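Below is one structure, written out as structure tokens; the observations come after it.
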Amino acid sequence: MNDKENAAKILKHAKKVVFFTGAGISAESGIPTFRDSLTGLWSKYDPSRLETAQAFRENPALVWGWYLWRRRQMSEALPNAAHLMISNLAETGREVYVVTQNIDNLHERAGSQNVVHLHGSLMSAKCFSCHRPTELTPEQLVVSREGEEVPPPRCGRCNGRLRPGIVWFKEDLPKGAWKSAMRLVRDCDVLVSVGTSGIVTPAADIPEIALSSKAVVIHVNIDDVSLEEPNEYMLIGKACSVLPALWNDS
Ligand code: OAD
């Protein structure tokens, strides 16, 4: 049997499956990844000017406008066949969980219910000063075009500036999210890691943590990202082709 057949068989018999996802799973929905050389966001933008607390201090309107633009991109995108395969798998009686690094909401819109967001969510905002989470009103979500500077709204409690509820470089992951992820990853039969370059820690350690907890790890990526451990399967291809086939062939 080849890797694909083996992986399909393992998935078929799994009782508890965790999908660990990165930007590559949303690429075919039209949301750019970060590090793909021609199309990734970091080929066009400097993350240090946009994804750090320092960048927000220096130019809050640039950073806020950039996130409004990304939020618009996300709301215009639709869940794809890979997101849908995951939510459909949960209908088959298995326990299925998603631990995602993505800040989009395409897993939820595909119907997945158990989604842990390790890097926060574009749907949320909080105060830069007092950290209180805040709901944004439709008027505060004025559609932003790429590069438009939009001054962030103010916090109703302390009048500080609102920032997106996501994790920036050098910031800690939300404690609850990491704890939930660890509980799931250490206790699953199979971890399917989809569309992540495995560069940004601590999230990048998740496949290794699953392997050391005796789970089988199936990687789905257009590049070979395997760790070359015995319990791993590397399925090379686009998420929207590989994931549905993995289930249909099992
Ligand atoms: P990257 O942009 O680093 O990696 C995307 C991965 O997806 C690469 O390994 C690609 O080969 C793969 N890929 C691209 N298209 C694909 C497709 N159609 N099917 C399958 N795989 C595909 O994105 P992440 O690994 O998610 O952090 O990046 C991790 C973190 O870095 C992000 O969460 C973000 C960023 O800085 C924060 O926002 C804190």
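I'd like to verify a number: residues in region 110-127 that are of a type in the set (A, V, I, L, M, F, W, C), assigned to a strand (DSSP E or B) and more than 11 Å from the ligand (Cβ to nearest atom), how many?
We begin by selecting, within region 110-127, every residue of a type in the set (A, V, I, L, M, F, W, C); these are 110, 115-116, 118, 122-123, 125, 127.
Add one more test, that the residue is assigned to a strand (DSSP E or B), and what stays is 115-116, 122-123, 125, 127.
From the residues that got through so far, the ones that are more than 11 Å from the ligand (Cβ to nearest atom) too are 115-116, 123, 125, 127.
Within region 110-127, residues that are of a type in the set (A, V, I, L, M, F, W, C), assigned to a strand (DSSP E or B) and more than 11 Å from the ligand (Cβ to nearest atom) number 5.
Just wondering, is there one or more residues in region 178-200 that are under 19 Å from V116 (Cα atoms), acidic (D, E) and either open to solvent by 60 Å² or more (accessible area, probe 1.4 Å) or in contact (Cβ under 8 Å) with a residue 12 or more places away in the chain (or both)?
yes
Filter region 213-250 for residues that are of a type in the set (G, A, S) and open to solvent by less than 70 Å² (accessible area, probe 1.4 Å) and give the result.
Step one: filter region 213-250 for residues of a type in the set (G, A, S), giving 213, 215, 226, 237, 239, 241, 245, 250.
Within region 213-250, S213, A215, S226, G237, A239, A245, S250 meet the criteria.
Regarding A82, is this residue assigned to a helix (DSSP H, G or I) and crowded, with 16+ Cβ neighbours inside 10 Å? First the steps, then the outcome.
Numbers: assigned to a helix (DSSP H, G or I): yes; crowded, with 16+ Cβ neighbours inside 10 Å: yes.
It is true that A82 is assigned to a helix (DSSP H, G or I) and crowded, with 16+ Cβ neighbours inside 10 Å.
This table checks each residue for (1) open to solvent by less than 60 Å² (accessible area, probe 1.4 Å); (2) in the same structural domain as P207 (by TED's automatic domain parsing).
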position	(1), (2)
E5	no, yes
L11	yes, yes
V18	yes, yes
D36	yes, no
T39	no, no
Y45	yes, no
Q54	no, no
E58	no, no
R70	yes, no
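Find the residue count for region 187-230, including only residues that are assigned to a loop (DSSP other than H, G, I, E, B) and within 12 Å of the ligand (Cβ to nearest atom). Walk me through it before giving the result.
First pass over region 187-230, keeping only residues assigned to a loop (DSSP other than H, G, I, E, B): 187-189, 195-202, 213-215, 222-230.
Now restrict to residues that are within 12 Å of the ligand (Cβ to nearest atom): 195-202, 222-226.
Within region 187-230, residues that are assigned to a loop (DSSP other than H, G, I, E, B) and within 12 Å of the ligand (Cβ to nearest atom) number 13.
This table checks each residue for (1) outside the structural domain of Y45 (by TED's automatic domain parsing); (2) touching a strand residue (DSSP E or B) at 6+ places or on another chain (Cβ under 8 Å); (3) among the polar types (S, T, N, Q); (4) modelled with pLDDT under 90.
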position: S129; (1), (2), (3), (4): no, yes, yes, no
position: E139; (1), (2), (3), (4): no, no, no, yes
position: V150; (1), (2), (3), (4): no, no, no, no
position: R154; (1), (2), (3), (4): no, yes, no, no
position: R157; (1), (2), (3), (4): no, yes, no, no
position: A177; (1), (2), (3), (4): yes, yes, no, no
position: L184; (1), (2), (3), (4): yes, yes, no, no
position: V190; (1), (2), (3), (4): yes, yes, no, no
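The values are calculated or read from the model by the stated rules, or taken from the named source; none is laboratory data. Just so you know, these numbers come straight off a predicted model, no measurement behind them. When we count neighbours, we look across all protein chains shown, and the Cβ atoms used for this are built from the backbone with ideal geometry, even at glycine. Heads up: the accessible areas ignore ligands, DNA and RNA and are worked out on the full protein's heavy atoms, side chains in. Shrake-Rupley method; radii C 1.70, N 1.55, O 1.52, S 1.80 Å.
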